[in-house]
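Worksheet: one structure, shown below.
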Protein chains: 2
Amino acid sequence: MFELKGYLQTRRHAVNREIERFLNTLPYQSRVVEAMRYSVLAGGKRLRPILCIAASEAVGDGNATVVSASCALEFIHTYSLIHDDLPAMDDDQLRRGKPTCHVKFDESTAILAGDGLLTLAFEVLADLGLRQSRSDRIWMKVIQILAYRAGVGGMVEGQMRDIGTQGTPLGLSQLKALHRLKTGALIDASVATGALLGGANAEQEQALRSYAGHMGLAFQVVDDLLNVKGDTRLTGKAVGSDCAKGKNTFPALMGTSASEKYVIGLRDQALQALECFDKKAAPLRAIAHYIIERNR
Amino acid sequence: MFELKGYLQTRRHAVNREIERFLNTLPYQSRVVEAMRYSVLAGGKRLRPILCIAASEAVGDGNATVVSASCALEFIHTYSLIHDDLPAMDDDQLRRGKPTCHVKFDESTAILAGDGLLTLAFEVLADLGLRQSRSDRIWMKVIQILAYRAGVGGMVEGQMRDIGTQGTPLGLSQLKALHRLKTGALIDASVATGALLGGANAEQEQALRSYAGHMGLAFQVVDDLLNVKGDTRLTGKAVGSDCAKGKNTFPALMGTSASEKYVIGLRDQALQALECFDKKAAPLRAIAHYIIERNR
């Protein structure tokens, strides 16, 4: 039996250490960096970096370079949270149990902190790529996938649809498409990045990205469920806030119990995608269970 | 005598054609892409892409790949304009003679359009890098410089200082430092990118970046001067808007006439930096004159 708790903890610590290092070496330690630091270090689960590391471990080894690269995923994740929380967007006051960036600082600082984190992600990856003796091509592919999935080919388009359809009921396929972009895209990029840096062959990469596709959707359905019936003290978000905003969610569309069944089906498909891997994929398997059972 | 008008026109057309092509091949042609298109195609001078192309021509040839890569600079420039114009930032209604992005669309769309353009810049460069048979290393360096200069190592920090110091008088060295970041950083990245892609050696790269350093500052001083005494019909911006906001500007600090002399000194230093180049640097030289004589 794989011991996930210790695994998550050691990986999270390694990622946090690297994040701190990147932030400390920024050329200015100014107000905007303070805001970037505040949001990045607000205590996230580091799920995306850990998925990247675990994917690289499934095919190779999760070495220090992969840990460094995985921070780019957290920078992009945090940038998207900061911008999504803005008054013009979701207008959220609470994130990870703390005041959101624009509440703690102000709107202009929050916009710039997001912009700073987004660019930092690419800077970090280019820096790492230039420092390696092995093929730059893999690093260029990492940057390409991440830029594509963070932009109009993923998160930006997903967020646009999310905001644009509030109050307008979507069908299930539209809701899935929205969340494949908004949430799924970065989870896909996380796993794809780990696969590339771990040296996955084409077949392994495809299997890992199939895993990521199912997990990305499962993650969002669980998020929606936690917004309906979660504990604010654990989730750090106000319960029922999605519903109050007229957001399209899986529980609203399918009902709570069907959503819970749907999540289990997604998890099983994700696990099935990992069948071609040996015990080195144990962390990825355990994370699949963890994601749907989490309460925060 | 170098004929700049025709040069700028052919390069601008080439850049615009590529920009259109990149926008047309985005995976979704949705509201956010419409907003990106609106702002990018609002009729800018394409100065940054043209500086990139001219720098590459000074040391090598400005081939089609350089033209494609140079679009990334315009995407980043436009993203920064969109975000800077937001109500929480400079709250500008008019840009290039047209309603700003958040006025034409709305705030959330404008934030996302900026985010989309910023990521698109890196996607385009990674795509181009992967398509070349020659060294990926140069492309990785291009991405690194651009990410660094767009982020906290340049534009983001510059804009933060610009907003944070409105109403607080700065000294000349602080104002210069601010604009080396806010405006100069992307002009530096434009020239540096062109130098790298043109195959500059270390000495040439240094000379070109010295040129860019002086031109970046000159560009901003002229911008400030146009805001004081320019023609709104030409500049597309409201005259006196900087002053009304209590912005720190060169004319406010040094006076109009000293600012005009300062610009000429900067131009001369920029031209001096180009002394080691032959007539292939004629476009860069002509642009130095153009930038300080422009009326828009």
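The set of residues in segment B:152-168 being small (G, A, S), more than 8 Å from chain A (Cβ to nearest Cβ) and assigned to a helix (DSSP H, G or I) consists of B:G158 alone.
Determine if segment A:51-63 includes at least one residue that is free of Cβ contacts under 8 Å to residues at least 60 places away in the same chain and over 27 Å from A:G164 (Cβ atoms). Yes, segment A:51-63 has at least one match. A:A147 fulfils the conditions (1) more than 8 Å from chain B (Cβ to nearest Cβ); (2) within 27 Å of A:S210 (Cβ to Cβ) except for a single criterion, (1). Could you count how many residues in segment B:248-296 are touching a residue at least 24 places away in the same chain (Cβ under 8 Å) and on the phi > 0 side of the Ramachandran plot? Final tally of qualifying residues: 0. Tell me, yes or no, whether segment B:171-183 has at least one residue that is in contact with a Lys or Arg (Cβ under 7 Å, 6 or more places away or on another chain) and either at pLDDT below 95 or surrounded by fewer than 22 Cβ atoms within 10 Å (Cβ to Cβ) (or both). Scanning segment B:171-183 turns up no residue that is in contact with a Lys or Arg (Cβ under 7 Å, 6 or more places away or on another chain) and either at pLDDT below 95 or surrounded by fewer than 22 Cβ atoms within 10 Å (Cβ to Cβ) (or both).
Kindly provide the set of residues from segment B:22-62 that are among the hydrophobic types (A, V, I, L, M, F, W, C), assigned to a loop (DSSP other than H, G, I, E, B) and away from every other protein chain (no Cβ under 13 Å), ordered by number. Selection gives B:L41, B:A42. For segment B:127-144, a residue qualifies if it is more than 7 Å from every other protein chain (Cβ to nearest Cβ) and modelled with pLDDT of 95 or more, and the qualifying residues are B:L128, B:V142.
Of all the residues in segment A:113-137, those that are in contact (Cβ under 8 Å) with a residue 60 or more places away in the chain and in contact with a Leu (Cβ under 9 Å, 6 or more places away or on another chain) number 2. If you scan segment A:1-21, which residues turn out to be among the aliphatic types (A, V, I, L, M), part of a helix (DSSP H, G or I) and more than 16 Å from A:R294 (Cβ to Cβ)? Selection gives A:A14, A:V15, A:I19.
Is it the case that A:L112 is within 12 Å of chain B (Cβ to nearest Cβ) and among the hydrophobic types (A, V, I, L, M, F, W, C)? In short, yes.
Residue count for segment A:70-104 satisfying the condition of being among the hydrophobic types (A, V, I, L, M, F, W, C), crowded, with 19+ Cβ neighbours inside 10 Å, more than 8 Å from chain B (Cβ to nearest Cβ) and out of contact with any Pro (no Cβ under 9 Å at 6 or more places or on another chain): 5. Inside segment B:183-214, residues that are of a type outside the set (S, T, N, Q), in a helix (DSSP H, G or I) and over 20 Å from B:D84 (Cβ atoms) make up a count of 17.
The values are calculated or read from the model by the stated rules, or taken from the named source; none is laboratory data. This one's a predicted model, so the numbers in the text were calculated from it and none came from an experiment. As a convention, Cβ positions derive from the backbone with ideal geometry for all residues, glycine included, and neighbour counts pool all protein chains shown.
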